[in-house]
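The values are calculated or read from the model by the stated rules, or taken from the named source; none is laboratory data. Treat the numbers as computed from the prediction; the structure is a model and nothing was measured. No Cβ is skipped: glycine too gets one built from the backbone with ideal geometry, and neighbour counts run over all protein chains shown. Accessible surface areas use protein heavy atoms only, side chains included; no ligands, DNA or RNA. Shrake-Rupley method; radii C 1.70, N 1.55, O 1.52, S 1.80 Å.
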Amino acid sequence: MTEAGSAAPPHRDLWSGLSSDDPNAHVGVLGVPFDGGISFRRGTAFAPARLRELTPHLAPCAEEGQPLILGVRDYGDVPTDLEWTRYFQDVEARAVEVLQHPLALFLGGDHSVTIPLMRAFSRSAKHPFGILHFDAHPDLFNSYEGHKWSHACTERRALELSGLDPSHLALVGLRSFCQEEWEFLNEHPEIPYFTARQCHQRGMEAIVDAVVERLSDVEAVYLTLDIDGLDPAHAPGTGAPEGGGFTTRDLLELVRGVFQRLPVRAMDVVEVAPPLDVSDITSFAALKVIYEAWWVLQETHK
Ligand SMILES: [Mn+2]
């Protein structure tokens, strides 16, 4: 039955054929399929599997055509554990290995998984380090619904890490604040933040300049992408959508600019919830951003 020309193209494989066993590959990937820190609609635990499933259908290229040739070592997922403390210890331990690569990519999971991931980052990365948090929400509750590891507390936990100065925690895309978070930001004017409206009014180039300036004196950056920073039209598959957000185009510009100009060593994509998605729009948007980030990495790590 095999005819000339009918064979599957070489990218019809995991990560578009970029998968590699090379311990020195440019990228290490780790999935964290956990949504126990969610306050509303679940489903993010399905994201690592769904994202991987879609990758054989993506061309290994940047959006302007440049081929991706870098290697991607996928470490699989951290298997879930009913005991939350033990699970986060496992996530932190597994992440340390993945952080040996020039770029570690973590696939959540809800935004609580960023807590152990950033803890691993704070142990592995050069200090001082910075965090760029892209999100509709600041995630600055000290505790939410009785727990300090809720996905609404991620950046409060980050501020407890050694090596992170509050002026190096930049929040981009915000448009939903609870009073406690609003008060916290007012009490800490050293924390730079850019609302979605400011980003719209000033334009992405100016926002990238401002973020780069605020993080210009760090040795390493952790970029955490909560997909709900995108507008629900661009990312319907997430638990807490907020109108008025970024287009995928805006996010691509932010990620490209940040990867070109800052030492981003780790990135996570969290809050993608495939059961809530429409036609995999949200998963495909996440993958588009990931591949573009990889292209910039490839260009800068030749
Ligand atoms: Mn969020």
Excluding HIS133 itself, what net charge comes from residues whose Cβ is under 9 Å from its Cβ, given Lys and Arg +1 and Asp and Glu -1? -4
What are the ³J(HN,Hα) values, in whole Hz, obtained from phi via the Karplus relation 6.51 cos²θ - 1.76 cosθ + 1.60 with θ = phi - 60°, for each residue of the range 291-302 in sequence order, with x given for Gly and Pro? 5, 5, 4, 5, 5, 4, 4, 4, 5, 8, 10, 6
Surrounding charge for GLN66, neighbours by C-beta under 15 angstrom, Lys/Arg +1, Asp/Glu -1, total -1
For ASP268, the residues 5 or more places away or on another chain with a placed amide H closer than 5 Å to its own amide H are PHE106, LEU223, THR224, LEU225
I'd like the carbon and sulfur percentage of the solvent accessible area for the range 1-109, probe radius 1.4 Å, heavy atoms only, ligands and nucleic acids excluded. 53 percent
Which length gain, in nm to one decimal place, applies between GLU53 and SER162 when the Cα-Cα distance is subtracted from 0.36 nm times their residue separation? 35.5 nm
Quick check on the range 80-141: take the gyration tensor over C-alpha atoms, sort the square-rooted eigenvalues as a ≥ b ≥ c, and tell me if it's rounded (a/c under 1.5), prolate or oblate. oblate
With every protein chain kept in place and a 1.4 Å probe, the range 28-300 has an accessible area per residue in Å² of 37 Å²
Could you pull out which residues in the range 272-302 have an amide N less than 19 Å from a spot 7 Å beyond the Cα of SER20, following the Cα-Cβ vector? 290-302
Can you pull out the GluC sites (Glu not before Pro) in the range 125-203 whose DSSP state is coil and whose Cβ has at most 15 other Cβ atoms within 10 Å? GLU145, GLU160, GLU190
Take the alpha carbon gyration tensor of the chain, find the square roots of its eigenvalues, order them as a ≥ b ≥ c, and report rounded if a/c is under 1.5; if not, report prolate when a/b exceeds b/c, else oblate. rounded
In whole angstrom, note down how far apart the Cα centers of the range 156-213 and the range 67-116 are. 25 Å
Ranking by accessible area, most exposed first, for CYS61, CYS199 with a 1.4 Å probe: CYS61, CYS199
Before rounding to the nearest 500, sum -39500 (n - 2.57) across all DSSP H runs of length at least 4 in the chain and divide by the residue total; then give [θ] at 222 nm in deg cm²/dmol. -10000 deg cm²/dmol
Using the beta-carbon distance between HIS188 and ASP209 and R0 = 22 Å, what value does 1/(1 + (r/R0)^6) give for FRET efficiency, to the nearest 0.05? 0.45
Multiply the residue separation of ALA8 and ASP217 by 0.36 nm, subtract the distance between their alpha-carbon atoms, and state the gained length in nm to one decimal. 70.6 nm
Nonlocal amide H pairs with TYR193, under 5 Å, H built at 1.01 Å: LEU171
Going by the alpha-carbon gyration tensor, a ≥ b ≥ c the square roots of its eigenvalues, is the range 141-273 rounded (a/c under 1.5) or, if a/c is not under 1.5, prolate (a/b greater than b/c) versus oblate? rounded
The range 127-165: trypsin sites (Lys or Arg not before Pro) falling in loop per DSSP and having at most 16 other Cβ within 10 Å: LYS148
Scalar couplings 3J(HN,Hα) for the range 191-204 by Karplus 6.51 cos²θ - 1.76 cosθ + 1.60 (θ = phi - 60°), nearest whole Hz, x for Gly and Pro, are 7, x, 9, 10, 6, 4, 5, 4, 4, 5, 6, 8, x, 5
Show the residues, 5+ positions off or on another chain, whose built amide H is closer than 5 Å to the amide H of HIS127. none
With an 8 Å Cα cut-off and a minimum separation of 6 or more residues, compute the relative contact order for the range 17-84 in percent. 56 percent
Ordered by residue, what ³J(HN,Hα) values in Hz, to whole numbers, does the range 37-43 give under the Karplus form 6.51 cos²θ - 1.76 cosθ + 1.60, where θ = phi - 60° and Gly and Pro are x? x, 6, 9, 9, 8, 7, x
Most fluctuating of GLN260, GLN89, GLN201 in the GNM of the chain (C-alpha, under 10 Å) is GLN201
